[in-house]
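To start, the structure under review is shown below, and the notes come after it.
The values are calculated or read from the model by the stated rules, or taken from the named source; none is laboratory data. What you are looking at is a predicted structure, and each value in this text was computed from that prediction instead of being measured. Note: ideal-geometry Cβ built from the backbone for every residue, glycine included; neighbour counts use all protein chains shown.
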Amino acid sequence: MTAGAWALLAAVAATAVFGLVWRAREGHVRSGNREEDLLSRLPEGLRARLDEAPDEGEAVTLLQLSTTFCAPCRHTRVLLSDLAGRTEGVRHVEIDLTDHPEWSTPLGVHRTPTTLALDRAGRELFRVAGVPRRDALAETLRPHLP
């Protein structure tokens, strides 16, 4: 084999490994920092939008951070809205970061969609980068619900 063929083979192998790692991490639920009050770090405009959202004393708020042209964000919106509609004690609030990208920094958001699960006190229970897996999300929510 020539050097070019070996380089092509190495590039294909590296791409395949990267794709497999990306796929495995997509939608994975990660634990949040329950000690820190996330609401205190929120920018004023973001906190106001969160306060404006309907709240009937839900135990968990699923805060979805999206952007306008994000195709996975639309899928996540449908999934989270459906889950919140079917699950007592859960509300879904979507925030579009397109006009306010600076809001992503205090939240530690590096990609969209990102979903943060917050308890009533504003502590982060967990987060999901990418489109959540419905069964894993429901299972992780269960201990935090009434």
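Here are the numbers:
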| read-out | value |
| --- | --- |
| Leading residue by the ranking (modelled with the lowest pLDDT) among those in region 87-146 that are polar (S, T, N, Q) and within 13 Å of the chain's Cα centre (by Cα) | S104 |
| Check on V78, outside any helix (DSSP H, G or I) and among the aliphatic types (A, V, I, L, M) | no |
| Meets criteria (in contact with a Cys (Cβ under 7 Å, 6 or more places away or on another chain) and not in a strand (DSSP E or B)) for T105 | no |
| Residues located in region 41-75, provided they are within 17 Å of the chain's Cα centre (by Cα) and part of a loop (DSSP other than H, G, I, E, B) | L42, T67, T68, F69, C70 |
| Only listed residue being exposed (fewer than 14 other Cβ atoms within 10 Å of the Cβ) and in contact (Cβ under 8 Å) with a residue 60 or more places away in the chain, chosen from P106, P101 | P106 |
| Any hit, region 15-31, residues being in contact with an Asp or Glu (Cβ under 9 Å, 6 or more places away or on another chain), part of a loop (DSSP other than H, G, I, E, B), modelled with pLDDT under 75 and of a type in the set (G, A, S) | no |
